[in-house]
Amino acid sequence: MAKRRITQETFDAVVRENIEEFDMEESEALKEAIEQFESQGVDLSNIVKAVPKVSSEENTEDQTHEVLQALESLKSAVASSASVLDDLRVFTQQCSLGFAQRYLAAQKDAYPTILACCQRATEEKEALSVALAAFSALTDGQPDLLDVEGREFLIGALTAHQTDAALTCLCIRVVRHCCLKHENNRQDLVKAGILPLLTASITRHIEHPEIVREACVALRVMTFDDDVRVPFGHAHEHAKMIVLEQNGLKVIVEAAKAHPANTSVLSELCATLSRLAVRNEFCQDIVDLGGLKFMITLLADGLDCQELVKQVLSALKAIAGNDDVKDATVNAGGAELIVMAMNRHMANAQVCEQGCAALCVLALRKPNNCKAIMECGGALAALQAMKTHPAEVNVQKQSCMLLRNMVARTRDFSQSILEMGAEALISQALTAHRDCGDVGRAALRDLGCQCHQIDSLLRQITSFDILYDVCDFQEAYRLIYRTYLKDGFFSLWRGNSATMVRVIPYAAIQFCAHEQYKGILGQYYGFQGKALPPVPRLLAGSLAGTTAAMITYPLDMVRARMAVTPKEMYSNILHVFVRISREEGLKTLYRGFTPTILGVVPYAGLSFFTYETLKKLHAEHTGRSQPYSYERLAFGACAGLIGQSASYPLDVVRRRMQTAGVTGHTYGTISGTMREIVAEEGVIRGLYKGLSMNWVKGPIAVGISFMTFDLTQILLRKFQQLGYNAR
């Protein structure tokens, strides 16, 4: 729950009351006020924790904070057109003390005054420099202050003073402050042409480390998606614009080569490269420009610099998304250097996290790379990181992912890794960190261990069998019981709402379409109002399932993505649609569509065929035209059992292709996906994984669906007849 906030006036009044009413010393009164509000759960981050000072000797009763005194003096100077340099310096100094001072100044309309000073000093270098410093200090942590007038001033100042290193650096710093955690400012500045100005400043002032560093940070901020007030940003688009339109990769690599000994600049350059490697070809471009060779050399020469090592590891992880770059990195000795960096800085959780993440990407789908990582001690370093940082969830997750990737395609290293104590460490991570559930169980599974700690049977059954494997019905019962004890009865339905978003329209369209197709085919074959023959009966069901799948497939794709990605990745269903469309293309929403249709044809066809056939046989045998409810339920269960068994392998293929974008696989075609599954896991374990549990779940779900539809249809017909009779 968000903490309550108070105004500066309220805080100052309490301090003054402590001094006047309780006769406290100033320091004691201040301390008492702070403790009082903090005990009440008040957030004091925006409060200047100081006793107001007397503003002038003439008026001893007028007490205010020093930052406001500086602001009032500045406003008076601006109004009288006097020199404002000294007042600006004092104001800048006060704003530099902390966020509370800047916030208080902004509440008292400091922004218009500072912007007026900047605009007035456009032609005076010294005055503009001092004004820009004040502008930068005021906007640090307050990007909302920037308006259209301020944006136009920044673009104009950067354009007019491109050759002046000091002014350029100050302008870029203001841009960075105004764009951090503010998506609208980023988009508006990009539209105004800030990107070419930033890259040009690096090229023009490549010998000035401070400008290079500031410009790189500003470029990187343009690729952030850190504004919680907007559902999605343009981070991906901005990264592409920097690379494609501004030749950003070359600019940054050349800047790195110009400062081989400046670790601060190199850290920022590597961090920016990692944000720009958003496409496969961009990763390869970095290698072609000499970026990989430079980073490997940099890592070897700068092993002792913790911050530099962390950023280089992050950049290596980013560019290794390209399979060719993976091989080039390992061949260049990258794996050995990463392990050396982890061992050198084992006490630093961030270095361990980035090291494990980089090795994890290098090992993905690359058995030869896994061998190289194993030989240089990568698995041992990951396990040591887990021991050293048991409370760091990201270290635990990345280590589990690395161990899983190392044995996913070859079991040669499983025994060796287990002998290092992997099972116990992964189990501890599962117990301590709920977020480690998916990757931890995947690692245990691929290492050949039993996956004992599973939070929810429902999630296990519906998580597309990528990470889980329900062994038998006895284990399923144990999982239900554990989930009930741990999280309560309703936890068994966790995630059900996301499933309903897709199931409700799918079922509605499918049953409605089936009735329509039955009527059309009955009229065509001359069986209007009667039970259809077997072939049209099968065809009507297949057409109904195909129609529903075609219309609702994007919803199924979204549901699949949300089930296998961290909750932080997508905020809601709309966010999934927009992000997938922008970053992977609209066609991604229909990835796996062909196996879905091929699976739906036999599934829906056989389900409706079986259900209608059993109803027809029942009517002929009993003489009753309408079965009882429990009989409908049984017929539907049989229909679901037959339909699901026939289409299950194609359903597995569909799930794998839907989630390929987040699991790191390269499933492209139905036959290729099926061959890869069989090669890695076998026919039964791969193509029929989880079928036994679906034999329990599927018939119940389908039986209830058919029974509910029939009873609802009968009820609606009765209501319709009552309506006609009432007339």
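Listed by position, the helices (runs of 4 or more DSSP H) inside region 69-122 whose residues that are more than 42 Å from the chain's Cα centre (by Cα) number at least 3 are 85-95.
Would you mind stating whether GLU126 is in contact (Cβ under 8 Å) with a residue 12 or more places away in the chain, touching a strand residue (DSSP E or B) at 6+ places or on another chain (Cβ under 8 Å) and over 25 Å from MET222 (Cβ atoms)? Against the criterion (in contact (Cβ under 8 Å) with a residue 12 or more places away in the chain, touching a strand residue (DSSP E or B) at 6+ places or on another chain (Cβ under 8 Å) and over 25 Å from MET222 (Cβ atoms)), GLU126 does not qualify. The combined condition, being buried (at least 24 other Cβ atoms within 10 Å of the Cβ) and in contact (Cβ under 8 Å) with a residue 24 or more places away in the chain, is fulfilled by VAL309.
Residues considered: ILE211, ILE206. Of these, the only one that is at negative phi and buried (at least 21 other Cβ atoms within 10 Å of the Cβ) is ILE211.
Contact map, region 356-368: residues that are in contact (Cβ under 8 Å) with a residue 24 or more places away in the chain paired with residues that are outside any helix (DSSP H, G or I), Cβ distance under 6 Å, separation 6+ or inter-chain. Pairs shown: VAL361/ALA320; LEU362/ALA320; LEU364/GLY664; PRO367/ARG409; PRO367/THR410. Taking region 197-232 as the range and being under 19 Å from ALA271 (Cα atoms) and among the charged types (D, E, K, R) as the test, the residues that pass are GLU210, ARG213, GLU214, ARG220, ASP225, ASP226.
Matching residues to (1) touching a Lys or Arg at 6+ places or on another chain (Cβ under 9 Å); (2) touching a residue at least 40 places away in the same chain (Cβ under 8 Å); (3) polar (S, T, N, Q); (4) within 26 Å of SER136 (Cα to Cα):
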residue	(1), (2), (3), (4)
GLU17	no, no, no, no
GLU32	no, no, no, no
GLN36	no, no, yes, no
GLY41	yes, no, no, no
LYS53	no, no, no, yes
ALA100	yes, yes, no, yes
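Residue count for region 1-41, restricted to those that are in contact with a strand residue (DSSP E or B) (Cβ under 8 Å, 6 or more places away or on another chain) and on the phi > 0 side of the Ramachandran plot: 1.
To keep it simple, each residue is scored yes or no on (1) at pLDDT 90 or above; (2) surrounded by fewer than 17 Cβ atoms within 10 Å (Cβ to Cβ).
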{"site": "ILE417", "(1), (2)": "yes, no"}
{"site": "ALA424", "(1), (2)": "yes, yes"}
{"site": "ALA429", "(1), (2)": "yes, no"}
{"site": "ALA432", "(1), (2)": "yes, yes"}
{"site": "VAL439", "(1), (2)": "yes, no"}
{"site": "ALA442", "(1), (2)": "no, no"}
{"site": "ARG445", "(1), (2)": "no, no"}
{"site": "ASP455", "(1), (2)": "no, no"}
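Just one of (1) over 44 Å from the mean Cα position of the chain (by Cα); (2) modelled with pLDDT of 95 or more; (3) not small (Gly, Ala, Ser) fails for GLU21. It is (2). The set of residues in region 1-41 that are among the small types (Gly, Ala, Ser) and in a loop (DSSP other than H, G, I, E, B) comprises ALA2, GLY41. Write out, first by first residue and then by second, each pair whose Cβ atoms fall under 9 Å of each other, whose residues are 6+ apart or on separate chains, and whose first residue, in region 588-613, is touching a residue at least 12 places away in the same chain (Cβ under 8 Å) while the second is among the hydrophobic types (A, V, I, L, M, F, W, C) and not in a helix (DSSP H, G or I). Pairs found: GLU612/ALA531; GLU612/LEU532; THR613/ALA531.
Apart from one condition, GLU254 fits all of (1) under 22 Å from the mean Cα position of the chain (by Cα); (2) farther than 29 Å from GLU149 by Cβ; (3) of a type outside the set (A, V, I, L, M, F, W, C); the exception is (1). Here the helices (runs of 4 or more DSSP H) wholly within region 127-217 that include at least 1 residues being closer than 27 Å to LEU104 by Cβ and within 32 Å of the chain's Cα centre (by Cα) are 148-160, 165-179, 183-192.
The single condition among (1) modelled with pLDDT of 95 or more; (2) out of contact with any Cys (no Cβ under 9 Å at 6 or more places or on another chain) that PRO260 does not meet is (1).
Residues that are in contact with a Leu (Cβ under 8 Å, 6 or more places away or on another chain) and either modelled with pLDDT under 95 or in a helix (DSSP H, G or I) (or both) within region 276-291 comprise LEU276, PHE282, ASP285, ILE286, GLY291, listed in sequence order.
The single condition among (1) buried (at least 16 other Cβ atoms within 10 Å of the Cβ); (2) free of Cβ contacts under 8 Å to residues at least 40 places away in the same chain; (3) hydroxyl-bearing (Ser, Thr, Tyr) that THR159 does not meet is (1).
The values are calculated or read from the model by the stated rules, or taken from the named source; none is laboratory data. Just so it is clear, the structure is predicted and the values come from calculations on it, not from any experiment. Cβ: placed from backbone, ideal geometry, glycine included. Neighbour counts: every protein chain shown.
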